[in-house]
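The values are calculated or read from the model by the stated rules, or taken from the named source; none is laboratory data. Treat the numbers as computed from the prediction; the structure is a model and nothing was measured. Quick reminder, even Gly has a Cβ in these numbers, built from the backbone with ideal geometry, and neighbours come from all protein chains shown.
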Amino acid sequence: MAGKGSNSMQLRYYNERVVLDAVRRSGEASKAEIARYAHLTPPAVAAIVDALVDGGYLVENGKRFGGKGQPSAMYRLANNGAFSIGLHVGRRALDAILTDFAGQTVAFETHDYDHPNPVGIRQLGDEAIARFQSALGASDRKRLVGIGISAPYFIGGWDAELGFPSEVQLEWRTFDLRSYFADRYDLPVMIENDASAAAIAELVYGVGRRHSDFLHLSLSTFVGGGLVLDGTLQTGPNGNTAAYGPFPVTHSTLNSVPKPPGKFDVLLHRASIFTLVNHLRSNGFQITRVRDLDPMPSAAQVLVSEWQDDCADALAQALIGSISVVDVEAVVVDGLLPRPLLVDTVERVKHCFVEMMPPGLIPPAITAGELGARASALGASLMPLYAMFGPDTGVLMKKGIDKKPLMIGSEYNRRG
């Protein structure tokens with residue numbers, strides 16, 4: 001009997017998360033709509049929704065009129081149901097974000113630096129977390145569920161391309177980013193590759209609301225990517241999935257990119273922000289950050305267009321190779337580029353893709369992302385929320401991260 005009760009409780013926890021996911025995806029939903037989405041009986045959904053309202057995770061959001069019978073009460077996620085902090089440790093800046101349960105940004109800040117020194121990263125991260133905790137106040141601080149961190153693989157590497165001091169790479173070899181913050185804060189701390197984190201954000205708040213299978217390409221300091229299949233981010237046993245930087249492509253046509261030995265170059269030398277900045281500087285246009293290109297200076301237009309054409313050609317090669325192996329509905333291109341420049345670059349990618357595409361392939365939709373430079377930080381902040389509240393079958397099977405229950409009277413609800 002005890003075992004049966006335990007299984008029943010696990011099923012209840014899982015169903016709660018399915019209900020929350022239904023509301024998150026819909027924005028707002030009635031109990032009947034939630035029941036259809038979750039494939040649960042109306043009485044079961046009614047009991048779960050009422051419990052989640054009592055626990056502070058859902059709120060009634062008015063009524064819908066116009067149908068048969070009584071008007072339907074609508075429910076949405078409660079903004080103060082939970083909070084999460086995301087830190088994106090980039091090669092040129094640290095972004096920090098505080099998000100609420102509904103995915104709204106409560107606070108955001110960015111801090112530029114010349115290179116990612118671990119001592120500076122610790123200080124910037126600690127200061128941002130302290131400000132966010134102070135902004136929440138005592139009551140909401142109890143509903144802070146964790147810290148998510150996104151960072152590039154080999155963050156201290158590539159010093160030749162980026163001009164980092166040689167000691168930076170050595171410092172990162174002995175600094176464990178996740179352990180540092182986990183030891184300092186009484187909160188779960190999760191870490192993921194920055195391009196994968198950006199794909200998570202796009203999955204939840206961008207194109208993922210329309211497509212469950214897509215490739216996400218992030219044009220950051222170095223190009224990176226993420227693969228989402230059946231609504232789940234795929235990383236692979238070694239983290240290599242959609243690691244687009246080393247993808248082999250033909251040589252660049254830019255006069256600022258040296259030709260490597262051999263028949264091929266790699267995508268990061270053609271479709272990365274550092275290549276764009278280097279091309280501008282090598283041809284006499286001084287630039288500090290890519291955001292300096294919004295609005296576009298007239299003196300930079302020709303050089304930027306040259307990079308866009310070269311970047312689009314390389315991305316099209318990589319995408320054709322990818323969809324020959326993994327079939328997806330859409331390809332999303334996003335990153336650090338100012339929005340007008342990103343949209344124009346994506347149009348050039350589409351043109352190159354059509355010109356190169358061999359017969360026998362059905363092309364995916366290629367579109368610009370919706371989240372921009374904040375995507376990696378936002379994705380990082382989503383990881384603790386989904387670890388605790390996401391409809392992961394690991395809850396049902398007792399696998400993966402241990403998730404606290406949402407049931408009324410649980411330890412977590414007593415904290416709130």
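Please pick out the residue among G321, G369 that is in contact with a helix residue (DSSP H, G or I) (Cβ under 9 Å, 6 or more places away or on another chain) and of a type in the set (G, A, S). The match here is G369. Does A387 count as modelled with pLDDT under 95 and either under 19 Å from N193 (Cβ atoms) or touching a Ser or Thr at 6+ places or on another chain (Cβ under 6 Å) (or both)? Taking the combined requirement at face value, the residue satisfies it. Taking the conditions (1) farther than 19 Å from V228 by Cβ; (2) part of a helix (DSSP H, G or I) in turn, L315 satisfies each one other than (1). From the list I362, I320, the lone residue that is part of a helix (DSSP H, G or I), at pLDDT 90 or above and either of a type in the set (V, I, T) or more than 30 Å from E109 (Cα to Cα) (or both) is I320. Looking only at residues of segment 112-142 that are touching a strand residue (DSSP E or B) at 6+ places or on another chain (Cβ under 8 Å) and farther than 22 Å from S179 by Cα, we find that the one that is surrounded by the fewest Cβ atoms within 10 Å (Cβ to Cβ) is D112.
Conditions tested, residue by residue: (1) on the phi > 0 side of the Ramachandran plot; (2) acidic (D, E).
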{"position": "D230", "(1), (2)": "yes, yes"}
{"position": "G236", "(1), (2)": "yes, no"}
{"position": "Y244", "(1), (2)": "no, no"}
{"position": "P248", "(1), (2)": "no, no"}
{"position": "S256", "(1), (2)": "no, no"}
{"position": "G262", "(1), (2)": "yes, no"}
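Residues that are touching a residue at least 60 places away in the same chain (Cβ under 8 Å) and touching a strand residue (DSSP E or B) at 6+ places or on another chain (Cβ under 9 Å) within segment 14-50 comprise L20, R24, listed in sequence order. Selection within segment 282-300: residues that are surrounded by 16 or more Cβ atoms within 10 Å (Cβ to Cβ) and in contact with a helix residue (DSSP H, G or I) (Cβ under 8 Å, 6 or more places away or on another chain). The member of this set that is nearest to P258 (Cα to Cα) is F285.
Considering segment 351-369, and only residues there that are crowded, with 19+ Cβ neighbours inside 10 Å and over 12 Å from L219 (Cβ atoms), the residue that is farthest from the chain's Cα centre (by Cα) turns out to be C352. F154 satisfies every condition listed in (1) crowded, with 16+ Cβ neighbours inside 10 Å; (2) within 19 Å of L336 (Cβ to Cβ); (3) not hydroxyl-bearing (S, T, Y) except (1). If the condition is being touching a strand residue (DSSP E or B) at 6+ places or on another chain (Cβ under 7 Å) and either surrounded by fewer than 16 Cβ atoms within 10 Å (Cβ to Cβ) or basic (K, R) (or both), then segment 157-181 contributes only R178. The single residue among V277, V257 that is surrounded by fewer than 20 Cβ atoms within 10 Å (Cβ to Cβ), within 28 Å of N193 (Cα to Cα) and over 23 Å from the mean Cα position of the chain (by Cα) turns out to be V257. With respect to the conditions (1) farther than 18 Å from R92 by Cα; (2) touching a Lys or Arg at 6+ places or on another chain (Cβ under 8 Å); (3) part of a loop (DSSP other than H, G, I, E, B), T221 falls short on a single one, namely (1). Residues of segment 92-103 that are closer than 20 Å to F164 by Cα and either in contact with a Lys or Arg (Cβ under 7 Å, 6 or more places away or on another chain) or buried (at least 24 other Cβ atoms within 10 Å of the Cβ) (or both): D95 alone.
Quick check on segment 18-63: of everything there that is basic (K, R) and part of a helix (DSSP H, G or I), which residue is farthest from E202 (Cα to Cα)? Across segment 18-63, the extreme among qualifying residues is K31. Determine whether L52 is in contact with a Leu (Cβ under 9 Å, 6 or more places away or on another chain) and closer than 30 Å to F222 by Cβ. Here the answer is no, as L52 does not meet what is asked.
Annotation: of all residues in segment 229-251 being free of Cβ contacts under 8 Å to residues at least 60 places away in the same chain and of a type in the set (V, I, T), the one that is surrounded by the fewest Cβ atoms within 10 Å (Cβ to Cβ) is T232.
Contact annotation: residue pairs with Cβ atoms under 7 Å, 6 or more positions apart or on different chains, pairing a residue in segment 348-368 that is more than 17 Å from A314 (Cβ to Cβ) with a partner that is among the hydroxyl-bearing types (S, T, Y) and loosely packed, with under 14 Cβ neighbours inside 10 Å, are L361/S324. Please enumerate the residues belonging to segment 32-57 that are crowded, with 19+ Cβ neighbours inside 10 Å, of a type outside the set (A, V, I, L, M) and touching a Ser or Thr at 6+ places or on another chain (Cβ under 9 Å). G55, the sole residue that qualifies.
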